[in-house]
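Everything on this sheet refers to the single structure shown next.
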């Protein structure tokens, strides 16, 4: 069974996923510079009180990104 791809912004706290691709070239460059490479595992750590920004863990580093930025990250959720 093939897992559907979703936007990083659609995941809930505690979710784990693998980066598949990006839909925005400008945001892609920024995220690549921060270590968000295709194939890397991401864990959604937490959300700010009003839902934005979100904190994610990538390769042992915690990054904070806006939810609208996370919409440009296409991921494969892990079970």
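No value in this document is a laboratory result; all are computed from the given coordinates. Just so you know, these numbers come straight off a predicted model, no measurement behind them. Methodologically, a virtual Cβ is constructed for each residue, glycine included, from the backbone with ideal geometry; neighbour enumeration extends over all protein chains shown.
Estimated at 0.36 nm per residue, the fully extended path between residue 29 and residue 10 surpasses their Cα-Cα distance by 4.7 nm. The relative contact order of the chain comes to 45 percent, based on Cα pairs under 8 Å that sit 6 or more residues apart.
Over the residues of the chain, the helix contribution to mean residue ellipticity at 222 nm works out to -4000 deg cm²/dmol, using -39500 (n - 2.57) for each DSSP H run of at least 4. When each of the peptides 65-76, 46-57 is scored by how many other beta carbons lie within 10 Å of its residues on average, the order from highest to lowest is 65-76, 46-57. Here the translational diffusion coefficient of the chain follows from Stokes-Einstein with Rh set to the Kirkwood radius across Cα pairs; for 37 °C and 0.692 mPa s it amounts to 267 µm²/s.
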